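Input: a single structure, listed below in structure tokens.
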């Protein structure tokens, strides 16, 4: 049986109750790969065409799971592989409350997930080995991250602080290093 986006959507609607479905508890058989891709900018594609219905994207985003380095859409009856170019979500905005080590950063993704950065939702920054360009991420749920969009990252840099030789961000009582202070000062 070849999986289809319509079949997956129907299964999700039938299984969905309140909150996010417990995809980590489901162990359905693998049914193959689906021609579905999430681009780095958060656009979902099916058969090479962008999915234009935000409700459908939100529905699919509620059943995504990462096992190892692979991403799947999982329902109680089937598991299909999908392609994710970078991270499955994009953090498109955040709210900062408080200041210094008491600061709390609350992020929102393009599909409506909300996460308060802290020990359970850490921020990390990867740097391109060739260009040094930063790619910042926040853990949203389970083991799924959101790429923090450029405008939000620039705003985060504006409220960053130096701590123990690093420039970074405070949130939820934790410090998240972004770049060594010495490298920032040299730039």
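Quick rundown of the values:
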read-out	value
Scope the range 62-98; condition farther than 19 Å from residue 31 by Cβ and free of Cβ contacts under 8 Å to residues at least 60 places away in the same chain; matching residues	69, 85, 88, 89, 90, 93, 95, 97, 98
Any hit, the range 93-111, residues being in contact with a helix residue (DSSP H, G or I) (Cβ under 7 Å, 6 or more places away or on another chain), over 25 Å from residue 184 (Cβ atoms) and surrounded by 15 or more Cβ atoms within 10 Å (Cβ to Cβ)	yes
Filter result for residue 167 (more than 19 Å from the chain's Cα centre (by Cα), free of Cβ contacts under 8 Å to residues at least 60 places away in the same chain and either in a strand (DSSP E or B) or closer than 25 Å to residue 71 by Cβ (or both))	yes
Residues (surrounded by fewer than 19 Cβ atoms within 10 Å (Cβ to Cβ), within 17 Å of residue 106 (Cβ to Cβ) and touching a strand residue (DSSP E or B) at 6+ places or on another chain (Cβ under 9 Å)) located in the range 154-171	155, 159, 160
Counted residues, the range 50-88 - those being touching a strand residue (DSSP E or B) at 6+ places or on another chain (Cβ under 7 Å), farther than 26 Å from residue 117 by Cβ and outside any strand (DSSP E or B)	2
Verdict on residue 91 being at pLDDT 95 or above, under 24 Å from residue 116 (Cα atoms), within 17 Å of the chain's Cα centre (by Cα) and not in a helix (DSSP H, G or I)	yes
So residue 156, is it part of a helix (DSSP H, G or I) and farther than 22 Å from residue 95 by Cβ	no
Selection status of residue 14, in a helix (DSSP H, G or I), in contact with a helix residue (DSSP H, G or I) (Cβ under 8 Å, 6 or more places away or on another chain) and modelled with pLDDT under 95	no
Residue pairs meeting the criteria (Cβ under 9 Å; at least 6 apart or on separate chains; first free of Cβ contacts under 8 Å to residues at least 12 places away in the same chain, in the range 140-161; second outside any helix (DSSP H, G or I))	151/92; 151/93
Residue that is farthest from the chain's Cα centre (by Cα) [pool: residues in the range 119-130 that are crowded, with 17+ Cβ neighbours inside 10 Å and over 30 Å from residue 30 (Cα atoms)]	125
Residue that is farthest from the chain's Cα centre (by Cα) [pool: residues in the range 17-50 that are surrounded by 14 or more Cβ atoms within 10 Å (Cβ to Cβ), within 21 Å of residue 149 (Cα to Cα) and in contact (Cβ under 8 Å) with a residue 24 or more places away in the chain]	37
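The values are calculated or read from the model by the stated rules, or taken from the named source; none is laboratory data. Keep in mind it's a predicted model, so treat the numbers as computed, not measured. Because the Cβ atoms are built from the backbone with ideal geometry, glycine has one as well, and the counts that use them run over all protein chains shown.
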